[in-house]
Each structure stands twice: as C-alpha cells, then as structure tokens.
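Below is one structure, written out as structure tokens; the observations come after it.
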Amino acid sequence: MEYKRILLKLSGEALMGERQYGIDPKRLSEYAKEIKEVVQKGIQVAIVIGGGNIFRGVAGAANGMDRVQGDHMGMLATCINGLALQSALEDQDVNTRLQTALEIKEVAEPYIKRKAIRHLEKGRVVIFGAGTGNPYFTTDTAAVLRAIEIDADAILKGTRVAGIFDVDPEKNKNAVKYETITFKEVIAKGLKVMDMTAFTLSEENKLPITVFDMNTNGNLLKLVSGEKIGTIVTN
Ligand code: GTP
C-alpha cells in the first residue's frame with residue numbers, strides 16, 4: 001500500500017448525488033463501500049467533509065447574512081453530513097468515531113488530537129466535523145490542518161473530476177490532465193485546487209494533495225494501492 005494514514009476530503013455537494021440539495025442515500029452508501037475497501041486493507045482513514053449540500057456560509061453572506069453567522073450554520077451542516085457518513089459506514093460494519101471542532105457533546109466527541117490518533121490506530125474511521133471550528137476558514141483548510149495534526153501521509157481530495165486540468169474539463173473537451181504538478185506551478189498557472197489558506201498550509205508543511213474522481217467505483221482503493229489516479233500536487 002502506498003499510504004499508511006490518509007486524510008480523505010469529501011465535498012458536501014458530492015453527497016447530493018443527482019439531487020439539488022441534501023443527501024442522496026445511494027451516493028452515501030457508495031462512498032461508505034469505497035471507504036470500507038480501503039479500511040480493510042489496513043489503511044488508517046480520517047475524513048473531513050464539507051457542508052455545501054446543506055448550507056454555505058459564503059453563499060449566505062452573498063445574500064446579506066452576517067458571514068460569521070453563515071459560517072456557523074455551515075459548520076453545523078458538516079456535522080449533519082458527518083453523522084450521515086458515520087451512519088452509512090456503520091451500516092457497512094466499519095467502526096467510526098465522529099469528532100467535532102465545536103462542542104456538541106451529546107451528539108459527538110469533541111476533537112482531541114491524541115484520541116483521534118488512538119482511534120485511527122485501532123482501525124476506526126475518524127470523521128472530523130465542524131471544520132476548524134472558526135468562521136472564515138473552509139473545510140479544505142480544516143482537511144489540511146487535521147491532516148498535519150494527525151500526521152497523515154497525504155490528503156486525498158475526492159471530487160467529481162478526474163484531477164487537475166490545464167483548463168476546466170467540464171467546459172473544454174481538450175483539457176489536459178496533469179499527473180503531477182508542484183504547488184508553485186499551480187499558483188503560477190492560476191489553477192484552482194483549494195483556497196489559498198488551505199493550499200499554502202499544505203505547501204508549507206510539505207503535505208501532498210491528490211485530487212481524484214471519487215465518483216468512479218474503485219478509484220479510492222486504486223489510489224491508495226499506488227496506481228496513478230488523479231493529480232498529485234507536491235513540493
Ligand atoms: P477507547 O476505549 O479509548 O478505545 O475508545 P472509545 O471511543 O471506544 O471509548 P470511549 O469510552 O471514549 O467512547 C465510547 C463511545 O462513546 C464511542 O462511541 C464514542 O464515540 C462515544 N463518545 C466518547 N466521548 C463522547 C462525547 O464526548 N460525546 C459523545 N456524544 N459521544 C462520546
């Protein structure tokens with residue numbers, strides 16, 4: 001196996017499947033199966049999930065809502081997704097723990113780094129909810145932060161596209177995918193991988209980010225087995 005411990009970043013929107021909002025149970029269970037396959041190979045899996053299928057703080061602010069208020073709503077949305085993913089994983093008999101950056105003790109454990117690591121060592125999937133617990137930070141930043149804290153080998157960003165392209169593959173058929181690219185090249189070419197806070201945090205800590213298509217069955221397992229799936233961003 002290529003990795004021992006991964007941080008998987010999933011977008012909230014991905015959970016919508018074909019829907020316009022909310023959670024598609026079919027998509028959720030597909031994701032749970034993909035994750036189970038990786039856990040069965042002995043890989044330690046931590047997950048950060050977004051909340052955009054339920055609420056996005058930035059979108060709220062665009063409509064005149066106080067940004068901090070909107071971001072708090074977004075953080076709670078990630079907890080809802082975290083609970084849904086936890087439930088789907090447990091349906092597949094995968095042991096999980098949900099830890100949240102905002103304390104909602106009756107619902108989930110508070111985030112404690114050492115405890116998260118122990119859970120991972122015991123083969124439990126650890127889902128981190130509520131982002132970083134702070135407004136103005138994205139769940140991508142939360143993913144990088146948690147990955148660094150738990151000493152993950154890599155951040156695997158599951159998306160609906162196959163990787164990083166020179167131009168938008170959903171708008172241009174001739175788009176060319178990069179197999180590898182450096183942090184500096186991504187910035188120089190103006191490509192969008194993550195927001196700059198997340199991106200520079202990853203670069204400074206020499207933590208590679210792999211962007212891959214999470215909606216193709218078996219991709220996650222192939223990726224952790226060392227197959228060249230998606231695009232890897234390195235120093
Ligand atoms: P170890 O025994 O240390 O291996 O881990 P464990 O998670 O099994 O032990 P613990 O006794 O901490 O947790 C037992 C169960 O309670 C697990 O399902 C935890 O997720 C859950 N749990 C632990 N702390 C909290 C908390 O603060 N809030 C909530 N809601 N659940 C918690």
Quick one: what pairs do we get from the range 178-200, first residue in contact (Cβ under 8 Å) with a residue 40 or more places away in the chain, second among the basic types (Lys, Arg) and in a loop (DSSP other than H, G, I, E, B), C-beta under 7 Å, 6+ apart or different chains? Glu179/Lys228
Could you tell me which numbered condition Asn219 fails, if it satisfies all but one of (1) in contact with a helix residue (DSSP H, G or I) (Cβ under 6 Å, 6 or more places away or on another chain); (2) within 25 Å of Met1 (Cβ to Cβ); (3) not hydroxyl-bearing (Ser, Thr, Tyr)? (1)
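Results for (1) closer than 23 Å to Met194 by Cα; (2) within 13 Å of the ligand (Cβ to nearest atom); (3) more than 16 Å from the chain's Cα centre (by Cα), shown as yes or no for each residue.
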{"site": "Ser87", "(1), (2), (3)": "no, yes, yes"}
{"site": "Gln92", "(1), (2), (3)": "no, no, yes"}
{"site": "Lys105", "(1), (2), (3)": "no, yes, yes"}
{"site": "Arg114", "(1), (2), (3)": "no, yes, yes"}
{"site": "Val126", "(1), (2), (3)": "yes, yes, no"}
{"site": "Pro135", "(1), (2), (3)": "yes, no, yes"}
{"site": "Ala142", "(1), (2), (3)": "yes, no, no"}
{"site": "Leu145", "(1), (2), (3)": "yes, no, no"}
First in the range 103-128 and at positive phi, second anywhere and assigned to a helix (DSSP H, G or I) and more than 8 Å from the ligand (Cβ to nearest atom), Cβ under 7 Å, 6 or more apart: Gly123/Val39
Going residue by residue through the range 171-178, is there one that turns out to be modelled with pLDDT under 95, under 29 Å from Phe128 (Cα atoms) and loosely packed, with under 14 Cβ neighbours inside 10 Å? no
Applying the selection to the range 140-163, what residues are hydrophobic (A, V, I, L, M, F, W, C), in contact with a helix residue (DSSP H, G or I) (Cβ under 7 Å, 6 or more places away or on another chain) and in a loop (DSSP other than H, G, I, E, B)? Ile150
Anything in the range 197-228 that is part of a helix (DSSP H, G or I) and surrounded by fewer than 23 Cβ atoms within 10 Å (Cβ to Cβ)? List them, or say none. Thr197, Phe199, Thr200, Leu201, Glu203, Glu204, Asn219, Leu221, Lys222
Those residues of the range 97-132 which are buried (at least 18 other Cβ atoms within 10 Å of the Cβ) and either of a type in the set (Gly, Ala, Ser) or part of a helix (DSSP H, G or I) (or both), in sequence order: Ala101, Ala108, Ala116, His119, Leu120, Gly129, Ala130, Gly131
Condition check for Ile155: modelled with pLDDT of 95 or more, within 14 Å of Ile49 (Cβ to Cβ), more than 16 Å from the ligand (Cβ to nearest atom) and in contact with a Ser or Thr (Cβ under 9 Å, 6 or more places away or on another chain): yes
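So which of Arg27, Arg19 ends up being of a type in the set (D, E, K, R), crowded, with 17+ Cβ neighbours inside 10 Å and out of contact with any Pro (no Cβ under 6 Å at 6 or more places or on another chain)? Spell out how you get there, then give the answer.
Working: Arg19 fails: crowded, with 17+ Cβ neighbours inside 10 Å.
Only one candidate passes the filter, namely Arg27.
The values are calculated or read from the model by the stated rules, or taken from the named source; none is laboratory data. As the structure is a prediction and not an experimental result, all values here were calculated from the model. Virtual Cβ from ideal backbone geometry, glycine too; neighbours counted across all protein chains shown.
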